[in-house]
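Chemist: Following this message is one structure expressed as structure tokens.
Read-outs: derived from the displayed coordinates by stated rules, not from any lab. Note that the structure is a prediction, hence the values are computed from the model and not measured. Don't worry about glycine lacking a Cβ; one is built from the backbone with ideal geometry, like all the others, and counts go over all protein chains shown.
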Amino acid sequence: MKRFLYLTFIFITSSLYGSDYSDYYGSMAEIISQPDPDTGLTVFPTLLIPMGGKLEGMGTAYTAVSKDFGFIESNPSASSVLKYTELTFSHNNWIADSRMEGVVYTVRFNDLGIGAAGKFLYVPFTEYDTWGERVSKGYYSETIATMNISYNFFPTYYFYGVAVGANLKFAYRNIPASIYPDQSAIAFMTDIGALTRFNFAKPFVSRSKNFSVGAVIKNLGPYVLQEPLPTEVTVGIAYSPIRPVTAAVDLNLPVTFNTNYPAENWNIVAGTDIVFTDFFSVQGGFRYRGSNPGISLGATVDLQKMSFIVNYTMDLTTQFGVLDRFSLAARLKIGDRGRAALQARVDELYITALEEYANGNLEEAITYLEKALEIDPRFIPAAELLRVLQQTISLHREMEDIQKIEE
């Protein structure tokens, strides 16, 4: 906990002194930014704001990573391959007085994953007349509720499988009538995604795959009060050249089905996750999106049952000197439904079988291999060794029969 409080203090104080670099960042942004006249033509901007976590820390380059609760916003297929059952709470200081709260729960039943999430954006609003008198006051708010389901098809010991999943999302926008009448709205939409992993140019030994590919279409749904949702197609890759480092890139292509509302230009994000110790890692990201490029920095503290993630994002909407664009997430790990214990038992049986095989006890080795395969039929090394031992015993018996005939 002391480590977490120390990191939080660093992030808070760094934002307070950020004004020293605002001119420098503004000059750089003018060089690399590309104004997009089609920005802001969609509704429910909350759909584009990350709740936090590693998703935000890596600049949202998370489509092919999706290793924690951020999958609910990046790739719905990943709930079927997550390690733990998780419950996460997040808070995001977005811009000025606007805040966003989030909660995500996900559980995995072998190859089936399900999840649920909600996030709530609220912005205080006060209207003044030409004389400076307050005439109305209220909150503009957006609520997003998400239900998730996914399944990992064809996984084996050597093949990761192809995970496919979908989100069904309900959105509600509340604008008090005193502020602007008849503008509250309801929307329904869906996300559809896929994910697979494999080994590519892997210089280290590990069961985990070091290269990932993901694709997703987000926010696909009907128009809301004749205005489009922020629908986009995303393709992402992630690569671990060494065990502690993961680099990821996402290409986002906004799409539209109405020429009256042109889609934004494509945009690209890149991010990295660097693990320094078993309990501490750092994330960084860069987003190139029209006239508002941004960078992000995050840190994760992993404890046995909990993880804490803090992020700070700097773009042209960031206000220096105040605690803007700062997010915090607390992730509870609620076990893995015994999957790790079963895998450890399978490994133990397999190693024992190898020892018996080395000692020439083929029958005993076969017994241990069969027990391992009863627990995990997909453990191909055990199946391969079992087949070899069965063939060996069969050959021994044939040779014994031949010797008996000759005698």
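Chemist: Would you order TRP94, TRP266 from fewest to most other beta-carbon atoms within 10 Å of each residue's own beta-carbon? All intermediate terms of the calculation are to be shown ahead of the outcome.
Modeler: Working: TRP94 20, TRP266 14.
Ascending Cβ contact count within 10 Å gives the list TRP266, TRP94.
Chemist: Here's a follow-up. Sum up the charges of everything whose Cβ sits under 11 Å from the Cβ of ASP336, counting Lys and Arg as +1 and Asp and Glu as -1, but leave ASP336 out.
Modeler: Spelling it out: positives minus negatives among the neighbours equals +4.
Chemist: For the chain, set up a GNM with springs between Cα atoms under 10 Å and report which of GLU73, GLU384, GLU264 has the largest fluctuation.
Modeler: Residue with maximal mean-square fluctuation among GLU73, GLU384, GLU264: GLU384.
Chemist: Let me ask something else. Would you mind checking LYS137/LYS218; LYS119/LYS202; LYS67/LYS202 for any pair whose Cα atoms are more than 28 angstrom apart? Numbers along the way, then the final one.
Modeler: Working: LYS137/LYS218 34 Å; LYS119/LYS202 38 Å; LYS67/LYS202 19 Å.
In this structure, LYS137/LYS218; LYS119/LYS202 lie more than 28 Å apart at Cα.
Chemist: Related question: May I ask you to compute the full-extension gain from ASP111 to VAL275, defined as 0.36 nm times their residue separation minus their alpha-carbon distance, rounded to one decimal in nm?
Modeler: Between ASP111 and VAL275, full extension yields an extra 56.3 nm.
Chemist: Take the chain, connect every pair of alpha-carbon atoms lying under 10 Å apart with a spring to form a Gaussian network, then pick out the residue of ASP273, ASP38, ASP182 with the largest mean-square fluctuation.
Modeler: ASP182
Chemist: Turning to a different aspect of this structure: Based on Cβ point charges of +1 for Lys and Arg and -1 for Asp and Glu, what charge dipole magnitude is obtained for the chain about its Cα centre, in debye rounded to the nearest 20? All intermediate terms of the calculation are to be shown ahead of the outcome.
Modeler: On the way: 32 positive and 43 negative charges, 126 e Å.
Its charge dipole is roughly 600 debye.
Chemist: Given 37 °C and 0.692 mPa s, compute D for the chain with the Stokes-Einstein relation, Rh being the Kirkwood radius over Cα pairs; round to the nearest whole µm²/s. Working shown, then result.
Modeler: Values: Rh = 23.9 Å.
Estimated via Stokes-Einstein, D reaches 137 µm²/s.
Chemist: To continue, here is another question. Which Cα, out of PRO176, TYR151, ASN93, lies furthest along the positive dipole direction of region 88-202 (beta carbon charges, K/R +1, D/E -1)?
Modeler: It is TYR151, whose Cα lies furthest towards the positive end.
Chemist: In square nanometres, what is the average projected area of the Cα convex hull of region 341-406?
Modeler: For region 341-406, averaging the hull's shadow over all directions gives 4.4 nm².
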